[in-house]
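Structure first, then comments.
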Amino acid sequence: MKPSPHNARGTKPQRLSIARIGIYVFLVVSSAFFILPLYVMVVTSLKPMAEIRLGHLFALPSSPTFEPWLTAWSSACRGLTCDGVSAGFLNSVKITLPAVTASIGLGAINGYALSFWKFRGAEFLFAVLLIGAFMPLQVFIYPLVRISSGVGLFGTLPGVVLLHICFSMPLMTLLFRNFYATIPVDLFKAARVDGAGFWVIFLHVMLPLSVPMIAVAALIQTTGTWNDYILGLIFAGSDNVPMTVLLNNVVNSQFGEKQYNVNMAATILTGLVPLILYFSSGRWFVRGITAGAVKG
Amino acid sequence: MSTIDIRDARVAYGAVTVLHDLNLSVDEGEFLVLLGSSGCGKSTLLNAIAGLTDLTDGQIFIGKKNVTWSEPKDRGIGMVFQSYALYPRMTVEENMSFGLRIAGMPKADVAARVARAAGILKLEQLLKRRPSELSGGQRQRVAIGRALVRDVEVFLFDEPLSNLDAKLRTELRVEIKRLHQELGNTMIYVTHDQIEAMTLADRIAVMRDGRIEQLESPEGIYARPANRFVAGFIGSPGMNFTEASIEQTDQGVRAVADDLNVDLSAYRFAGHPPDRQRIEIGYRPEHLLIGDAAREQPLQAKLTVEVTENMGADLYAWGKVGASKAVARLPTGLRIAPGSTITIGVPPEYLSVFDAATGDRL
């Protein structure tokens, strides 16, 4: 018997509608939009220069080589020095690690204090922070150069780390305040009746609950700090140049022919840390973003 | 001797006053229920006693000690919340011992107290579990256990059963009552559920708009509500009201309306009965008599039945007496067709008479 609404029974048959086809087409096109440049970067980085000169941008490498990657990592030249982007890797780690840890820690404390220990002017402070979150960083560059050189932090590692922490404070505080706002206030009250104070409640009750939020914050902060260019360029000083700044120097140093394959490899190497983070923590990321959206 | 003494307590947020100069004394070992609908200030009062809400004015004494400015932990109280408020990342054992551990109590003492509380609440099997692995009823027992281990004089309950389903609520209600009988602590219990209030309380404080409307035993509140609000609030289905006018006649005090002429001489007035004043006569659905018994009562009326509901144990007959809505709680088995009219009567001892203007009991 041919299925029809009149003898309908059991599971409804799936049907491919025009709207659904439209959705698939849109998804494929938008993925291609993001994947194609990455594809070009990867294949170019694996081709020798002779092959690149042929100009087949999308062709797979006919004789793949990892030479450009090695060059990019350890011997690509910028100006007179030729040690690739590897030196910047360690600098970036040295900047990112303390900056991320401190900004998450301080952001969590701020958010916790603003959510649970309501004090006079807390709302005002929060509004100021919100404004801070939307201020373009460039506005502060000149005064900050003057201030940091005045206190001897200009061109030092602690200086650039401190600036990263400062600039991430609005976003981190906002993130954690909104997260703690979803936690039932009864939990806080119960802890107070149990005799816990500001720090005990934070460390023993709130922080263990914040793991998903910390994961999200770590992701946002690591990506942001690692990808930063302008603070590293201006404030890090020549000994602490982060990977992004080195990458720029490598790509823009020119001796004769442009080494596209080396440049592509260096770029991928620089972007690898945030990329790996996203792929490995996607689950946490989604969980953190949706945390509080659904109750129970 | 009273353990808790609240004197002229006021809580105000800007122009909004949540508690109006409230006075309340709770005796040692008493089970006091604060009853009211949401927004009446009952939870605010409880939070103020716990030290979680600051008073704008007034004083709070617990066990003769002025605790108005004390931290919650220094007040000798334990508190149980509606949302359980268990620490999600800790086991049952850790939840119960948290307060003791951060106070630096020796491990052996902590273990002994947790074991005792777990024994009383039958939680021994669950000590290693996380709150997420427990049912609602078990969670609330853990929350009670957390208050229990602190070995305090006073227990505060903030709508502890509201998140549970009907069956569990009944079970845990009995359990709380049993706990009170065993421990003999002072307990203050906030609820909007009048059945919880009636069954648990030694005394009920009915609250409205930050004031206590009546503070009495459940029986007293039920039989002699102090005003029209309390009368309508307590009881389910609610009290029936009929408007009338009170008159002093040669045959004594009578309530008179178009379809009504009731002898109130048997009614115990609180003061001297007024003359020629609007009143409301209240009577509970379960005190209605029908048939021959009704015809012997001073208050008789015609109830026009619109809808009947069979509740299993009783039959509710909803309808109208004159222009006002009324409901009768009758034995099941009676066959009453919608649209029919029955004669109802109320014995004088079950009547409540209120001043129609002020709502106060006469």
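The values are calculated or read from the model by the stated rules, or taken from the named source; none is laboratory data. Note that this is a predicted model, so its numbers are computed, not measured. Glycine gets a Cβ as well: all are built from the backbone with ideal geometry, and neighbour counts include every protein chain shown.
So that you can scan it fast, the table gives a plain yes or no per residue for (1) in a helix (DSSP H, G or I); (2) at pLDDT 85 or above; (3) out of contact with any Lys or Arg (no Cβ under 6 Å at 6 or more places or on another chain):
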{"residue": "A:Thr225", "(1), (2), (3)": "yes, yes, yes"}
{"residue": "A:Gly232", "(1), (2), (3)": "yes, yes, yes"}
{"residue": "A:Asn249", "(1), (2), (3)": "yes, yes, no"}
{"residue": "A:Glu257", "(1), (2), (3)": "no, no, yes"}
{"residue": "A:Ala266", "(1), (2), (3)": "yes, yes, yes"}
{"residue": "A:Leu269", "(1), (2), (3)": "yes, yes, yes"}
{"residue": "A:Pro274", "(1), (2), (3)": "yes, yes, yes"}
{"residue": "A:Arg287", "(1), (2), (3)": "yes, no, yes"}
Check your understanding: Can you name the condition, by its number, that A:Val251 falls short on among (1) within 14 Å of chain B (Cβ to nearest Cβ); (2) crowded, with 18+ Cβ neighbours inside 10 Å; (3) without any contact (Cβ under 8 Å) to a residue 40 or more places away in the chain?
Key -> (1)
Exercise for review: Enumerate the helices (runs of 4 or more DSSP H) found wholly within segment B:131-250, keeping only those where 2 or more residues are within 14 Å of chain A (Cβ to nearest Cβ).
Suggested key: B:136-148
Exercise for review: Check B:Gly58 against each of (1) more than 14 Å from chain A (Cβ to nearest Cβ); (2) in contact with a strand residue (DSSP E or B) (Cβ under 6 Å, 6 or more places away or on another chain); (3) closer than 23 Å to A:Phe116 by Cβ and name the one condition it does not meet.
Suggested key: (3)
Check your understanding: Looking only at residues in segment A:205-226 that are within 14 Å of chain B (Cβ to nearest Cβ) and among the aliphatic types (A, V, I, L, M), which one is surrounded by the fewest Cβ atoms within 10 Å (Cβ to Cβ)?
Key -> A:Val211
Practice item. State whether one or more residues within segment A:146-169 are farther than 17 Å from A:Leu106 by Cα, surrounded by fewer than 15 Cβ atoms within 10 Å (Cβ to Cβ), in contact with a helix residue (DSSP H, G or I) (Cβ under 9 Å, 6 or more places away or on another chain) and touching a residue at least 40 places away in the same chain (Cβ under 8 Å). Key: no
Review point. Within segment B:84-95, can you find the residues that are facing another protein chain (nearest Cβ under 10 Å) and in a helix (DSSP H, G or I)?
Key: B:Glu94, B:Asn95
**Study point:** Residue check, A:Met172 crowded, with 23+ Cβ neighbours inside 10 Å, within 19 Å of the chain's Cα centre (by Cα) and within 14 Å of chain B (Cβ to nearest Cβ)
**Key:** no
Practice item. Hey, can you tell me all the residues within segment B:51-61 that are within 29 Å of B:Pro225 (Cα to Cα) and buried (at least 22 other Cβ atoms within 10 Å of the Cβ)? Key: B:Ile60
**Study point:** Subset of segment A:178-204 [more than 10 Å from chain B (Cβ to nearest Cβ) and in contact (Cβ under 8 Å) with a residue 12 or more places away in the chain]
**Key:** A:Asn178, A:Phe179, A:Tyr180, A:Ala181, A:Thr182, A:Phe198, A:Phe202
Practice item. Return only the number of the condition from (1) within 23 Å of B:Val230 (Cα to Cα); (2) surrounded by 14 or more Cβ atoms within 10 Å (Cβ to Cβ); (3) among the aliphatic types (A, V, I, L, M) that B:Ala270 does not satisfy. Key: (2)
Check your understanding: Is it true that some residue in segment A:96-110 is closer than 23 Å to A:Met41 by Cβ and of a type outside the set (Gly, Ala, Ser)?
Key -> yes
Check your understanding: Does segment B:96-117 hold any residues that are within 16 Å of B:Leu148 (Cβ to Cβ), surrounded by fewer than 17 Cβ atoms within 10 Å (Cβ to Cβ) and more than 13 Å from chain A (Cβ to nearest Cβ), and which are they?
Key -> B:Asp109, B:Ala111, B:Ala112, B:Ala115, B:Arg116
Check your understanding: Which one is farthest from A:Met206 (Cα to Cα), of the residues in segment B:57-82 that are in contact with a Leu (Cβ under 8 Å, 6 or more places away or on another chain) and outside any helix (DSSP H, G or I)?
Key -> B:Gly58
Review point. In segment B:62-78, is there at least one residue being away from chain A (no Cβ under 12 Å), in contact (Cβ under 8 Å) with a residue 40 or more places away in the chain, in contact with a helix residue (DSSP H, G or I) (Cβ under 6 Å, 6 or more places away or on another chain) and surrounded by 23 or more Cβ atoms within 10 Å (Cβ to Cβ)?
Key: yes
Practice item. Would you mention how many residues in segment A:9-35 are farther than 30 Å from A:Ile268 by Cα and either loosely packed, with under 10 Cβ neighbours inside 10 Å or touching a residue at least 12 places away in the same chain (Cβ under 8 Å) (or both)? Key: 11
Practice item. Quick one: count up the residues across segment B:279-302 that are at pLDDT 90 or above and either assigned to a strand (DSSP E or B) or under 16 Å from B:Ala255 (Cβ atoms) (or both). Key: 5
Review point. In the set B:Arg268, B:Arg284, B:Arg276, which member is among the basic types (Lys, Arg) and farther than 29 Å from B:Arg211 by Cα?
Key: B:Arg276
